[in-house]
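The values are calculated or read from the model by the stated rules, or taken from the named source; none is laboratory data. Just so it is clear, the model here is predicted, and its values are computed rather than measured. Cβ placement follows ideal geometry from the backbone for every residue including glycine, while neighbour counts extend to all protein chains displayed. Ligands, DNA and RNA are stripped out before the accessible areas are found, and what is left, the full protein with its side chains, is counted by its heavy atoms. Shrake-Rupley method; radii C 1.70, N 1.55, O 1.52, S 1.80 Å.
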Amino acid sequence: MKTTSDSRVRAAGAVLRIDLNALVENYRILQRQTGAAEVGAVVKADAYGLGAIPVADALAGAGCRHFFVAHLGEAIALRDGLDGGQPIYVLNGLQPGAEAVAAAAGVVPVLNSLDQMARWAAQAREHGAVLPAVLQVDSGMGRLGLSPEETDQLVAEPDRLEGIALQLVMSHLACGDTPDAEANAQQYARFTDLASRFPGVRRSLDNSGGAFLGRNHFDLVRAGIALYGGAPHVGRPNPMRAVVSLDAHIIQVRDLPAGAGVGYGLTSVAEAPRRIATIGVGYADGWPRCVSNRGSAYIGGRRVPVAGRVSMDSMTLDVTGIEENLLQPGAPVELLGPHQGIDHAAADADTIAYEILTQLGARYARDYLPAGSTPV
Ligand SMILES: *Cc1c(COP(=O)(O)O)cnc(C)c1O
């Protein structure tokens, strides 16, 4: 997989490889898992840091027909970059004053309140048009969407939907990543009931975790993290293929005598002599500072612990005992890859794979393995 020129790689602190083949394979795994339901792709936050346009392009090529982002600005950027005219849904809905821009861009807002609905209907009236929208109902997460009472009010006053073509009624799971949570069955039942008030409208409840709950998935699944290789369920075997790898390289190696500290604050001091390698990735690249003195990297498949604090642009690894020929300047150091996946890196940082991915830095050289190419 030598698509990145060596000079670009050497000019950056690390190279981030994004395997669009694995992405497409994950889309197919999800599709098999959810049977008759369609799988839509959640590409908010620049496709969880992996690049919304290349990711959406690859998925569209594999047959994906629905794309979700969080903000109107993300939707407009994707609309400009995606050729096929697939619907792009804005999960955070419609900010006051954004109606004309959203309508002109041809994107589909998720209406989360009766107020948003009134403004979208007014926009439709003003232009004598019918505008598409998704209706979100709150089935128990307490974040966005119409409450059950507001849903009743809407059903009693159907004129509120005049000029609006409902594409979908949706809700979101609070505990989709925890299959044993009772809330999943409660939300499923409440959503089934709320959605039944809108006969004939397609329904969407599940995210990645929901897609693996082994029950009916309604009409459309909104998958994010599983497409990008994250485990759908915390602490369970991960059926998805890894999509990202991140390789830094060694800048310098030094030998420290017993009792010498390393890094800001000299927080790491060893009783014995040790060898320290410095790599050019730090917290400004999104590598979490909280893995200071507890995270890992891998050299030649062997674990090398982070020694001392993670700096802004670099971090120090204890490479004592690693073969000399693997420690030359420029030698590769795995931060994400076969020995350390995104869920593993997240656990070291007390966070979730979503945060590891979305923080991945803008300074890395990026290397996309195109969909349809043969993995090396
Ligand atoms: C982010 C998001 C998703 C995707 O969730 P994953 O757990 O990444 O699959 C789906 N639906 C909504 C409403 C979201 O905000």
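Summed over the stretch 239-270, residues that are open to solvent by less than 60 Å² (accessible area, probe 1.4 Å), within 16 Å of the ligand (Cβ to nearest atom) and assigned to a loop (DSSP other than H, G, I, E, B) total 2.
Summed over the stretch 1-49, residues that are within 14 Å of residue 371 (Cα to Cα) and not basic (Lys, Arg) total 12. Just checking, does the stretch 272-284 include any residue being within 16 Å of the ligand (Cβ to nearest atom), open to solvent by less than 50 Å² (accessible area, probe 1.4 Å), among the basic types (Lys, Arg) and modelled with pLDDT of 95 or more? Within the stretch 272-284, not a single residue is within 16 Å of the ligand (Cβ to nearest atom), open to solvent by less than 50 Å² (accessible area, probe 1.4 Å), among the basic types (Lys, Arg) and modelled with pLDDT of 95 or more. Residue count for the stretch 50-72 under the criterion of being more than 16 Å from the ligand (Cβ to nearest atom) and part of a helix (DSSP H, G or I): the result is 6.
Testing residue 222 on (1) closer than 14 Å to residue 136 by Cβ; (2) of a type in the set (D, E, K, R); (3) out of contact with any strand residue (DSSP E or B) (no Cβ under 9 Å at 6 or more places or on another chain), one condition comes back false. Which one is that? So the condition that residue 222 fails would be (3).
Among the residues that make up the stretch 74-86, is at least one of them more than 30 Å from residue 21 (Cα to Cα) and either out of contact with any Cys (no Cβ under 6 Å at 6 or more places or on another chain) or not assigned by TED's automatic domain parsing to the domain that holds residue 41 (or both)? There is no residue in the stretch 74-86 that is more than 30 Å from residue 21 (Cα to Cα) and either out of contact with any Cys (no Cβ under 6 Å at 6 or more places or on another chain) or not assigned by TED's automatic domain parsing to the domain that holds residue 41 (or both). Pairs meeting the criteria (first residue in the stretch 136-163 and closer than 20 Å to residue 202 by Cα, second residue open to solvent by 70 Å² or more (accessible area, probe 1.4 Å) and among the β-branched types (Val, Ile, Thr), beta carbons under 6 Å, at least 6 apart or on different chains) are 163/130. Sort out which residues of the stretch 25-41 are under 20 Å from residue 69 (Cβ atoms) and either open to solvent by 10 Å² or more (accessible area, probe 1.4 Å) or in a helix (DSSP H, G or I) (or both), and write them in order of number. Within the stretch 25-41, 26, 27, 30, 38 meet the criteria. Taking residues in the stretch 211-224 that are over 17 Å from residue 238 (Cβ atoms), and partners anywhere that are within 13 Å of the ligand (Cβ to nearest atom) and β-branched (Val, Ile, Thr), the pairs with Cβ atoms closer than 7 Å and at least 6 places apart or on different chains are 217/34; 221/34; 221/39; 222/42.
The number of residues in the stretch 191-238 being within 18 Å of the chain's Cα centre (by Cα), within 10 Å of the ligand (Cβ to nearest atom) and not basic (Lys, Arg) comes to 16.
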